[in-house]
Amino acid sequence: MAGLRETEVWAAARMPLPRKKGTMEENRFESRYQTGDTPWDHGMVDVNLIEVVSALPITPCRALDIGCGTGGNAVWLARQGFEVTACDLSPTAIGKADAKARSAEIDCRFVVADFLADPIPGAPFGFVFDRGCLHCIEPEEPRRRFAAKVASLLGEDGLWLTLVGNADEEEREVGPPQLSASELVSAIEPFFEILSLVSGHFGSDQEQPPRAWICRMVKRRQAGPAL
Ligand SMILES: C[S@@+](CC[C@H](N)C(=O)[O-])C[C@H]1O[C@@H](n2cnc3c(N)ncnc32)[C@H](O)[C@@H]1O
């Protein structure tokens, strides 16, 4: 995986793109990373990722972590032998992620990018992961575009694992955005065949971790509807 040591600060290095509806998360997240208001960032690899990768198992391949935050899950994947690209809107998060990989002497490609608006290098991927990124996207139309873009970046037999806040739990004062099963399914099903949709919990350091949808899926052979 030589040559992957790079932080490509695309978004920061150019004039801002006109943003489409549903992609205006960057300022909110950037300021949260700057002030450390990031309760999801507990410093441990998400147990659901470990379980899925180890239990199937997923053979190391090119992997993408969307909305990777400070990179703990991406670095873990790279340690398992995956060739990892990871993107996030927040330059502060990507800076921390890159520092984490460097200090662990792990090769990962971290990119500052808006997943919906910017090109993502490294496709086709065999495995795509997102923990809490899809659920930040609203309303339904950009969520569908998110799913369509994941499908466009995955190889034919590639797998997407998404961890999404679960609306079957009462909304918390501080907690992830939540989707109902039908909201999640309606975004992904046109492009993906769902292999499993399980109600579980995010990996967390909290006594009562937030509930999550743990959804594994493969790309449909036929393209979904044009968006
Ligand atoms: C709840 S945090 C989860 C971060 C990381 N996956 C983790 O588990 O620690 C959601 C992340 O998605 C990123 N994000 C939100 N919308 C995004 C978009 N359109 N493109 C790229 N990243 C995005 C945020 O900056 C934030 O880091």
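Structure notes:
- Check on Val128, surrounded by fewer than 19 Cβ atoms within 10 Å (Cβ to Cβ), closer than 17 Å to Val52 by Cβ, touching a residue at least 24 places away in the same chain (Cβ under 8 Å) and among the aliphatic types (A, V, I, L, M): no
- Selected residue (only one of Phe115, Phe125, Phe110 is aromatic (Phe, Trp, Tyr) and within 10 Å of the ligand (Cβ to nearest atom)): Phe115
- Residue in the range 172-190 that is under 26 Å from Gln80 (Cα atoms), among the basic types (Lys, Arg) and in contact (Cβ under 8 Å) with a residue 24 or more places away in the chain present: no
- Flag if Ile137 is over 18 Å from Met44 (Cα atoms), within 14 Å of the ligand (Cβ to nearest atom) and surrounded by fewer than 22 Cβ atoms within 10 Å (Cβ to Cβ): no
- Here the helices (runs of 4 or more DSSP H) wholly within the range 21-97 that include at least 1 residues being more than 11 Å from the ligand (Cβ to nearest atom) and within 15 Å of Leu161 (Cβ to Cβ) are 47-55, 72-79.
- The residues in the range 140-150 that are over 11 Å from the mean Cα position of the chain (by Cα) and within 12 Å of the ligand (Cβ to nearest atom) can be counted, and the count is 4.
- Strands (runs of 3 or more DSSP E) (entirely within the range 116-209) containing at least 1 residues that are hydroxyl-bearing (Ser, Thr, Tyr): 154-165, 192-201
- Within the range 167-181, being farther than 18 Å from Phe192 by Cα and over 16 Å from the mean Cα position of the chain (by Cα) holds for Ala167, Asp168, Glu169, Glu170, Glu171, Arg172, Glu173, Val174, Gly175.
Every read-out reported here was derived from the displayed coordinates using simple, explicitly stated rules and does not represent laboratory data. Because the structure is a prediction, the values reported are computed rather than measured. Glycine gets a Cβ as well: all are built from the backbone with ideal geometry, and neighbour counts include every protein chain shown.
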